Each structure stands twice: as C-alpha cells, then as structure tokens.
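The values are calculated or read from the model by the stated rules, or taken from the named source; none is laboratory data. In this text the structure is predicted, and so the values were computed from the model without any measurement. Cβ placement follows ideal geometry from the backbone for every residue including glycine, while neighbour counts extend to all protein chains displayed. SASA here: full protein model, heavy atoms, side chains in, ligands and nucleic acids out. Shrake-Rupley method; radii C 1.70, N 1.55, O 1.52, S 1.80 Å.
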Amino acid sequence: MGWAESFSIAVAATPSVFRTNGLDPKVEIAYEIRSAGLRVGLGNLGPRPAAGDSPPFGLHWESDLSEHQFKGRREDVRLVTGRGRYTADYDISGQVSGHFLRADRAHAKILRINTEAARRLPGVLDIVTATDAVAAGWKGTPSTAFFKGVGGSSLRVPFRAALAHGRVRFVGEPVALIVAESDSLAQDAAELVEIEYEDLPVVVEAGEAIAGGAVTLHEEMPDNLAFDYEYGDWGSTETGFADAAHVVRVDLHAQRIAGNPMEPKSCVAIYDAAGESYELCLPCQGAADLKSALAHITGLPPERFRIRAVDVGGGFGVRHEVYPEFLALMLAAKKTGRAVKWTGTRSETISGDHHGRAADLTGELALARDGRFLALRVRWLVNLGAYCSNSGPLINTIASPTSSAISLYDVPAVHGRHRLVFTNTTPTTAYRGAGRPNVAYLWERLVEEGARAVGIEPIKLRRRNLLRKDMFPLKTPTGSTYDSADPERLLTTALQVSDWKGFEQRRKAAKRAGKLRGIGLALFLEPSGGMGKEQVELRVEPDGRLSMFSLAGPSGQGHETAYPALVAQILGIPDDRIELRYNDVDAPKLVGVGTFGSRSLISHGAALATGAKEIVEKGRKLAAREFEVEADDVAFDNGQYRVVGTDLSISMRVLIERKWAEATHPLDTNVTLDLATAFPSGAHVAEVEIDPDTGAAWIVNYVAADDCGTIYNHKLVEGQLHGGLMQGIGQVFGEQIAYDPGTGQLLSGSFMDYFMPRADHLAPITLIDCGVPSPVNPLGAKGAGEAGATGSIPTLANAVLDALAPLNVRQVEMPFTPERIWRAIHQRT
C-alpha cells in the first residue's frame, strides 16, 4: 500500500492516533502520535520549494523536525508535510503538455484519423498517432512468458503499439497524443481530432470469447486463446477421484478490480538527441525492470534510460508495467525536442490502468470416507483483457497458482488447467495478492463444502489434513518447495484468540437484536521473494555517511526506515548515518529487479545485510592492520573492534569516517545474492453481522495469526497487513469493474460508481506473530505485503456465508453488496 493511502486510512480510522489540528497562514502543523508516545510540532515550514529546485533525496526543506528526530518512519515527515516528490512534482524547463485521445468504444476498425484542424490550433506542437509509433520500428509492450503450456505451447502475445494501430480493442485505449503548450490547449485540440470508426462486435466475458462464433480480437489468434497452461499430474489426480468416497465442486468468480493507487498514472518524458537517450519521471515499482523492458521495446541498451521515481503513491502490482502511454510520450519528446508531461486523471486510472483478478474459478476436491484429501482438480478461466500485460499471464499460471497449489493441506495429487483469454476489456495484471487470493478462496470454499459432504466440523476436517511442521521443507506435487511453516500453531492460535468456542452465544445475541451473525476461518500459504539475483552496493561518501544503492522501488513500504536500521544494527553505527538510495539515476549498474511479490526484505534486505556483514569482515582486517595483529585476534561486537585479551579497540564509525589513502574507501562493498522463494502463511478468523432488512454487512471482529518469518520492524509489518486487509475488504464487499455486456462500455469509471473501502469498514483487528524463520535467506524473512489480502478474502467470504447459512443460502458471488445479500435472503427458494 502506498504511503498516501496508508496515511489517509489511518487518519480516518483512528483519529485518536493521528489528529490534524489544522493549518494557519504560516503552515503550522501539529500531529499527536500517541502510538509513538510524543507530540510533534513542525512550526513554520516556510513556502514549499519549486519542484524543479527540490533535490530528489534527503531532507532539505527547513523545519523544526528532521526525519531522524521523528520516531516513526524516516520518510513520514517528508511525506505528511507535502515534501514528497511524485511525478506531478517534476517541472522541467521548457516542458509542454500531453493529452491522450482515447477510444470511446470497445471494438472498432480505425478507418481514418483527421488531425488537420487540431494541428492548426495555435500552441499545438504535434499529434502523435499509431503511424508514428509504427514508423519508430519499436517492438510491442512485453509480457513475461518464459514457461510452456499444454503440448509445449507458448504464450501468444499480440503486438501492442504505443497507440491503437488499425483498430481499438477496449474503451479507454489511447488512440492519439496531442502535444501543446498547455493542458487546456491540448484538451481543446483533442476535441478537433476526427476519427472515423467501423464498429465491430464486442465480447467482454472470457467464456463468451472462446465460444464458437465469437468475434476475433487479433487476427493471428482466431480463437481468442492466449495460453492454455496445465500443472500437476493428471493421472494420479484421476486415480484419487476414482478412489474418492466424496467429491465436492465449487464454482466461483473473482471479479475484476481496479488497483486505484492514489497517485494516478503519469509521466514526464525527456529526450537527449546528442546521447540518443531518454529520461522518464514516472511512478513505478522498480526502475531496473522498466529499463529492461524499454530496452527490449526500443532496441537501445538499458543505459540509455534514466528513470526518476522518488516517491510513488501506491503500487499494488499495477505500477510494475510499461504502459503504452509512456512510449507515446517518449515519441513525442523525440519529435518535438521538448520535455512532455502528462498527468493522468482518475477516470484514466480506472479505465486505463491494468486491472486485477477477473477469473472464473472451478475446484473439485476428492475425499476419502474419513475426510482425508485424496486429490485436487483446478480449472481457471482468466480474462486477460485486450492484450497481454507484463505480469498478468505469469501470476495466473506459474507464479502463484502452481507454487502454492496445495496451500497448507496434505493432498497427494493435484492437476490444474488454466486458460487465458482475450476480451474487449482493459488488460489485467498483478494486483495485491497476484493470484494468491484466488487460490486461497477456492481452497477454503472447497474445505467448507467438503466438511458438509463428509458430515464433520470444518475445523476438524482442516486439522485432519493439515501439513505438519516436521514435514517442512516440503516438495509439493506441483514442484514447489515450501521452506517452513507451523500450520497447527496458526490454526490453534487463531481459534483461541478469536474465542471460536464462544461464538454461538454471540450469534444468539445478534439474533435477538434482529441481526444475522457469521464466523469464518481461512488458512493460506503463498509464495514470496525469489525472482533471481539481487545486487547492492554500500559506499562510504566523502562526508563519512554510508550510501546504500539498491534496486528497491518503494511505494509506501518503509524502505528508507527499515534498510538503514537493519544495516546499522549489524555495523553498530547510528542509522541516521546511513541513507538508502533507490531508483537513483546516478547509481552504479546493478543486477536485480524491483519491489513486488512481497520480496523486498527477503531480497533487497538480505543483500544489504550480507553487504553489511562483509563490511564487518573488511573492517576486521583494517583494525588488525591498525594494531599490527592477525585478523583472527580481533573481535567485533556492537560497533567496536577489540583485540582479544587487550584493551585495544577502535569503532566501526571511526573506520568509516577516516580518510584513507586508497582511491576508493576500503570498506566499499558490492554483493550479489541469489535467493529462493519463501512461503509465508496464516490463519484468519472474522465475524460479520448482517442486517436482513437491508442486506448491509459489517465486520465486528478480525483476528489474523500470520507467519511472516523473522520480523525486523513490527510497525511496518502491521501496516502492510492492515493495508492488504483493507484491499481484501474492498474486493469482498463492493469493488468491481463492470462493463456493459453488449457494448463493452465501462459502467464503473469513477468513484461515483466504483466502491472503495473506507475506514468504517475496518473492524478491530488483532494481529498475532507466529513466525517461523525461513531457512532460504540469511534474515529468516518471509513476505508480508500480500497476506492481508490473501487471507481476508476467503475468511470474510466464509463468514458472510456462515451468517446466511441458517436461511439455507449457500452461495453468493462477490462482491457481497447489500443488494446481492438482500436478494439472496429474500429470493431464496
């Protein structure tokens, strides 16, 4: 969750924790932060500096408080006092404005684009269309596709240019970019562009797209099938079903979701003709990933791209993409010789940012007579939208569904088959959880139905099939290796803390008050980290401060606080002497990727910690040289080197700040790690109440027992869990991107029509740390960023359905809006 979202939710949800006392003409701000035990008065902050004058790193705006005096996150003071540096804050000398003209229909041939009248408007510099994009000779936007499907087939990736080429395939697809001296001029010129279309039939649902006679979106793919993927073992799974005493089946729909980061998709593009290079200011989840993708598209080496992304107002997976708008702006900057700036609107964010989820899920579970799980059969039908996004195919196949296929259950046979389909809708990609919530949702509904079929309590059925702690590390039937977990502890803890045994009394009390009360439980396990090598560099600066260069691309996670603290603890120096430099255009060339998939601490953090330990060893040799002893005779503890058996000592800080004769500081360190995937897990319990007269549902209690491995900053982890939980609540109770099935028109294109979770949707939360250190990385860490979303969706679904169970309502599709719940109650048969 981006900081801006985190802060806004915290303010609304807990006014006693964050209270704003208002702004006077001197811009005096006071916050009472009871959780930190101090009152902060920021005094006269003075005028905000011009965006072009503000440096990208560090605190330079004068105030009575620095990040290091503040006892919360280091970055908080900068962000909550308006000193963050987002894309809209970049103003380049001589820049001009860009405005996108977008498709107003879901599917049509582009017969003609007439830009003559628009070009004659004073102040219009250029109008970029697909003709310019094709003339550039660039490749289409990429998609991660290193894996094979059924029969050795590959993912079919249609060409996607910077602007719609030949036809439009979804409402909101960019067709032309108008470049003018101002935003208003660009918008006026867009009204003068004439586009002649020939409408084509529209298909918005995946099932309809692969049915006979469906319209073809891409001529080279007449069946609209992008990929047919399978995993597991079909033969052993069929045997398990043949031997089963009970077979249960669940059909679910994971509705399409908008990521909706608080910061809209935006970009400033600058072209340097002399160096044939580009500089881009944009929100992203890691500059290195974008450089690699841009190099692939343009044929230029990655070194020709400089990415500026200091503060990012939310990522959630949807900011890990090279959007076609970025490419169009690059073309415009090259053609005009001016920096071109575009700041997207909320409607452009909802319609054009890649969406999440959008899958039909079918699961079948084979059970023995005593309830033991024998086999699992999974089928997904995934709506990819009109094109392949970068991450959409990956997260709907090999990344999450395959790696965590058995969840926390001991099931010997699994077979899954996922079909990825093109439709006339916005492309879909990773969204917080990135396939994991679908796995957990399907599993936990199957377990509930399995318990009903066998005739035993759902908790008893879960316990009968839980993986044991001593079974880890565990090779799963789909080829993953689970590193560590303690499922029984998670389950027992969640049940005890939630007072599961006392629930029936609470249900009766709710009934007397005219309410329906339900309780839900869900277990889950998910992949985190991994994804190749990670390189960092730790460099001593001339002023004696330590700079840490990393490819981490934070969007609210607290990297600027967590990583310096981690390294400071190892080196025994104050953390205010250490600065994290991420997405730094002047950084050394590093290998690795950005921030996604709950990998930050596992990968970037572990690499930095390894680098710090290497510095300790280098320092040991320097101390030995200082005292003319062997390195083995020097001990290091709490920032001090001591010669064993003597009173000779020297501090790490002295060695760092000393001026050495060498050209580079002898403690400078560069390390590369290659880390395996870690698997966090959890057991969540929720209680909900429903008003049967209105269908309104609300959460009355939530307990989450999570194994996030070794935790280094509980406050940051709690923030990640809370953020994920809020996004899970959004999916369960209201969020949904809706299209008109006949026209493909977007029906939920603004916050007037698109539900967003608010503070009053969040119940009291109890978080319990049940961490089991991971053996696959030196920190023992596991991911935490996805757990709230992954756990909350099946937990809340089970709770709502439990509340409706006395009325014989067994299935309601998400989102559980008041209307849907009311209809389920009053139209049941």
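Some notes on this structure:
- Mean shadow area of region 615-773 over all directions, Cα convex hull, nm²: 18.6
- Packing, as the average of other Cβ atoms within 10 Å across residues, places the peptides 95-105, 801-811 in the order 95-105, 801-811, highest first.
- Applying the criteria of a DSSP loop state and at most 14 other Cβ atoms within 10 Å to the GluC sites (Glu not before Pro) of region 657-711 yields Glu662.
- Translational D in µm²/s for region 88-234 (Stokes-Einstein at 25 °C, 0.890 mPa s, Kirkwood Rh from C-alpha pairs): 138
- Most positive-pole-ward Cα, Val414, Trp380, Pro324, against dipole of the chain from beta carbon charges: Val414
- Region 430-534 - Debye-derived log10 I(q)/I(0), Cα point model, q = 0.21, 0.22 Å⁻¹: -1.33, -1.39
- Selection from Val644, Gln727, Ile456, by position along the positive dipole direction of the chain (Cβ): Ile456
- Within-11-Å neighbourhood charge of Ala245 [Cβ basis; K, R +1; D, E -1]: 0
- Based on the Kirkwood approach, the hydrodynamic radius assigned to region 522-608 is 13.6 Å, with every pair of different Cα atoms included.
- Pairwise Cα separations in region 407-456 fall into 5 Å bins from 0 onward with the following percentages, short to long: 4, 12, 17, 24, 17, 12, 7, 5, 1.
- Annotation note: chymotrypsin sites (Phe, Trp or Tyr not before Pro) in region 740-829 located in DSSP loop regions with a Cβ neighbour count of at most 13 within 10 Å are Phe751.
- When region 515-674 is reduced to its Cα atoms, the Kirkwood hydrodynamic radius in Å: 17.3
- Note on region 485-615: Lys pairs 8 or more places apart or on different chains, Cα atoms under 27 Å apart, count 5.
- Radius, Kirkwood style, for region 269-384 when every pair of distinct Cα atoms is counted (Å): 17.3
- Within straight-line reach of Lys109, meaning a Cα separation under 26 Å, sit the following lysines at least 8 residues removed in sequence or on another chain: Lys139.
- Taking N as the residue count of the chain, its C-alpha radius of gyration divided by 2.2 N^0.38 Å amounts to 0.98.
- Accessible area (Å², 1.4 Å probe, nearest 10) - Thr476: 10
- Zero-based 10 Å bins, Cα pair distances in region 557-622, whole percents: 19, 50, 28, 3
- Simple Cβ-charge dipole of the chain, Lys/Arg +1 and Asp/Glu -1, about Cα centre, in debye nearest 20: 1480
- With protein chains left intact and a 1.4 Å probe, residues in the chain average 38 Å² of accessible area per residue.
- Charge dipole (Cα centre; +1 on Lys/Arg Cβ, -1 on Asp/Glu Cβ; no other charges) of region 446-504 amounts to roughly 200 debye.
- Taking only protein heavy atoms and a 1.4 Å probe, the accessible area of the chain is 51% carbon and sulfur.
- Dipole of region 762-829, positive direction: furthest Cα of Ala787, Cys770, Pro815, with charges on the beta-carbon: Pro815
- Only helical runs count toward this figure. For the chain, summing -39,500 (n - 2.57) over DSSP H runs of n ≥ 4 and dividing by all residues gives -8000 deg cm²/dmol at 222 nm.
- Interatomic Cα distance distribution for region 701-829, bins of 5 angstrom, percent: 2, 9, 16, 17, 15, 14, 11, 8, 5, 3, 1, 0
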